[in-house]
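Beneath this line is the structure, given in structure tokens, with notes to follow.
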Amino acid sequence: MKWALDRYRASSAWATLSLATRRQRENIFRRVIETGGKTPLTEIDDDVIRDGRERRAATPHQANSFIKAMRAFCAWCVEEKLMTKNPTSGVKLLTGPNDADGFHTWTQAELDRFEARWKVGTRERLAFDVLLYTGLRRGDAVRVGRQHVKDGVISIRTEKHARGKAGELVAIPILAPLAASLAATPTGELEFLINERGQPWRKESFGNWFRDVCREANCPGSAHGLRKAGATRAAEKGASERQLMAIFGWTTGKMAQHYTRSADRARLARDAAQLLLPVQATNEKRPHLADGAGENPKIAGKSVE
């Protein structure tokens, strides 16, 4: 296993991955080598992969990251004829406590708490506003700056995908809350977001810092959870799949459909709930009959045709 992983990390397949993905998977493979580096490749089957997932099941996102890393590695092994089949193909990802990717989507109450704790003009609030009102991932949020702005619109090509594909070019108008935050907060010469030393952030360091900032505001969220909150808000206000794809840089409609379906389901439920109410009695008067006829038209000695 160690020998194959060393070869994989020296391959063109590894080189095409983004720097952030390589860093993340280096940590995963380091642990794999510590626990099973001497294991022959012929002994790596779906049970071994599943056991590795279950050992990480307490943190579903880490378990899923392990499976994704091993899928790519084993696919390379098959291509290089080091394995006859990919043992990860039948192993499913875990579903997290809040979402399939393990990231909690911020609620409106949490958004309100953060804004109450960190006022406009603080670095913390600017980071929050950049993430929420642009929909950028943290790796792009720490890169975006004045050089990307023209006529009040941010135009930036997003980071490379985990599979090595080029990022998408997105164009995002600077909304009023973000404009106010930018005007009130010190920024870098190129990047909007800077650390306490006035230097640009590395995305990993930024993610850790922002998580601590969230805890201080009594919010369980993360940078990625804010992106999801923005997508949820847009979908609930009627954004179409194509509009969501344009904002968030998704190349397919799969993620957009997730948010629009959820929003449509909530909207339909609100409307349909009214059908559960009892039928209200009307105040309309019954047709007037002959005096004393009551409910029987023949009581008064007359017939009603």
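The values are calculated or read from the model by the stated rules, or taken from the named source; none is laboratory data. The structure displayed is predicted, hence computed values, not measured ones. Methodologically, a virtual Cβ is constructed for each residue, glycine included, from the backbone with ideal geometry; neighbour enumeration extends over all protein chains shown. Note: accessible area is taken over every heavy atom of the protein model, side chains too, but ligands, DNA and RNA are not part of it. Shrake-Rupley method; radii C 1.70, N 1.55, O 1.52, S 1.80 Å.
Which FRET efficiency value, to the nearest 0.05, do you get for K92 and D112 by plugging their Cβ-Cβ distance into 1/(1 + (r/R0)^6) with R0 = 22 Å? Calculated value: 0.05. Rounded to whole numbers, the Karplus 3J(HN,Hα) couplings from phi for segment 20-25 are 5, 5, 5, 4, 4, 6 Hz, using 6.51 cos²θ - 1.76 cosθ + 1.60 with θ = phi - 60°, and x at Gly and Pro.
Quick one: with all protein chains in place, what share of the accessible area of segment 133-220 is carbon or sulfur, to the nearest percent (1.4 Å probe)?
Of all accessible area on segment 133-220, carbon and sulfur atoms account for 50 percent.
Going by accessible surface with a 1.4 Å probe and the largest first, H148, H61 read H61, H148. Given R0 = 41 Å, the distance between the Cβ atoms of R202 and R270 translates into a calculated FRET efficiency of 0.40. The order of the peptides 118-124, 30-36 by mean Cβ neighbours within 10 Å, most packed first, is 118-124, 30-36.
Which entries of K203/K237; K38/K85; K119/K150; K92/K228; K85/K228; K119/K203 have Cα-Cα distances beyond 25 Å here? K203/K237; K119/K150; K85/K228, as the Cα separations exceed 25 Å there.
Provide the gained length on full extension for the span K2 to V120, in nm with one decimal, where the gain is 0.36 nm per separating residue minus the Cα-Cα distance.
Length gained between K2 and V120: 37.5 nm.
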